[in-house]
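A.B. asks: This is the structure I want to talk about, given as structure tokens.
Computed from the coordinates by the stated procedures, all read-outs in this text should not be read as laboratory data. From a predicted model like this one, the values you see are computed outputs, not experimental measurements. A quick note on method: Cβ atoms are made from the backbone with ideal geometry, for glycine too, and the neighbour counts reach across all protein chains shown.
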Amino acid sequence: MKLQPNPFEKIKAGSKTIEIRLNDEKRQLVKVGDRIVFSLMTDPTQRIEVGVVDLYKHSSFSELFDAHPASDFGATDKADLMGIRKYYSEEDEQKYGALGIRIKYIHERGEIPKIIKDVGFDFNWEEEKVWALDIPVEEIDISELTWHFDIPFLWERGVYDLKPQDVIDNPNAHKKEYERTMKADLVHPIDIMQNKGRWLILDGLHRLMKASTLGMQKVKVRKVPRERIPDIEK
């Protein structure tokens with residue numbers, strides 16, 4: 001997850017203890033006891049790890065905000081809070097409701113490995129903005145994307161320290177990631193973009209892993225043009 005400098009520093013200082021998301025359970029597979037890594041939007045090499053202490057599910061962000069002091073969200077007052085929710089459309093809020101994630105700062109994380117820098121995007125994006133794009137769904141051969149399995153895109157004990165192929169080959173040794181993989185909803189297409197000569201996933205790695213595990217030869221994707229980068233940047 002990526003954060004602006006202000007909330008990033010407030011989490012480190014312990015003054016922001018609740019992070020908000022849409023309560024879309026098909027995509028937000030977060031539970032008490034999980035650990036989440038946040039990166040600084042302006043410098044992705046700066047990363048912090050937090051623990052999930054509690055979850056608060058409400059029908060709207062207003063209801064969530066009314067249930068807790070504004071300071072828990074790193075805001076000064078209720079008016080400030082409504083600015084935080086601007087990243088989520090009213091339609092999605094009505095459809096999914098709001099999720100408050102009570103977090104506890106643990107420690108900073110190390111620099112992004114060179115292998116990820118070599119193959120990754122040179123910009124930061126917001127998943128919710130990617131989902132909101134109006135782009136047709138099509139099918140491609142899964143073989144065009146399975147190169148992702150040999151890159152440590154997943155996190156287990158550190159930052160980018162686990163290859164998807166390791167999860168697929170040995171699910172018992174990586175139960176958490178395997179469970180997340182098999183819960184992935186293949187109704188949603190995989191969002192991809194051309195990057196350095198091949199298709200790179202913006203959203204949907206676990207869906208790709210599940211499709212491969214199920215023996216699927218083709219997967220549904222949305223090909224996001226690079227000219228849409230300004231529409232999805234954080």
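A.B. asks: May I ask for the Kirkwood hydrodynamic radius of the chain, worked out over all distinct Cα pairs and given in angstroms to one decimal?
C.D. replies: After inverting the pairwise mean of 1/r, the radius is 18.8 Å.
A.B. asks: Give me the orientation-averaged projected area of the Cα convex hull of region 1-79, in nm², one decimal.
C.D. replies: Directional mean of the projected Cα hull area for region 1-79 stands at 5.5 nm².
A.B. asks: Right, something else. Taking H as built 1.01 Å from N, whose amide H comes closer than 5 Å to the amide H of N124, not counting residues under 5 places away?
C.D. replies: K234
A.B. asks: Per residue Cα convex hull volume for region 121-196, in cubic angstrom?
C.D. replies: Normalising the Cα hull of region 121-196 by residue number yields 133 Å³.
A.B. asks: Positive end of the charge dipole of region 114-232 (Lys, Arg +1 and Asp, Glu -1 on Cβ, about the Cα centre): tell me which of S143, W125, H188 has its Cα farthest that way.
C.D. replies: Of the options given, the answer is S143.
A.B. asks: Okay, next question. Placing +1 at every Lys and Arg Cβ and -1 at every Asp and Glu Cβ, with all other atoms neutral, what dipole size does region 2-109 have around its Cα centre, in debye to the nearest 20?
C.D. replies: Magnitude of the dipole: close to 380 debye.
A.B. asks: Okay, next question. Which whole-number percent is the relative contact order of region 114-232 (Cα, under 8 Å, 6+ apart)?
C.D. replies: 33 percent
A.B. asks: Go through region 118-133 residue by residue and turn each phi into a ³J(HN,Hα) via Karplus (6.51, -1.76, 1.60, θ = phi - 60°); whole Hz please, and just put x for glycine and proline.
C.D. replies: 5, 9, x, 6, 9, 8, 9, 10, 9, 4, 4, 6, 5, 4, 6, 5
A.B. asks: Can you tell me the relative contact order of the chain? Whole percent, Cα pairs under 8 Å, sequence separation 6 or more.
C.D. replies: 20 percent
A.B. asks: Return a whole-number percent for the relative contact order of region 45-149, with Cα pairs under 8 Å and 6 or more residues apart as the contact set.
C.D. replies: It comes to 41 percent, rounded to a whole number.
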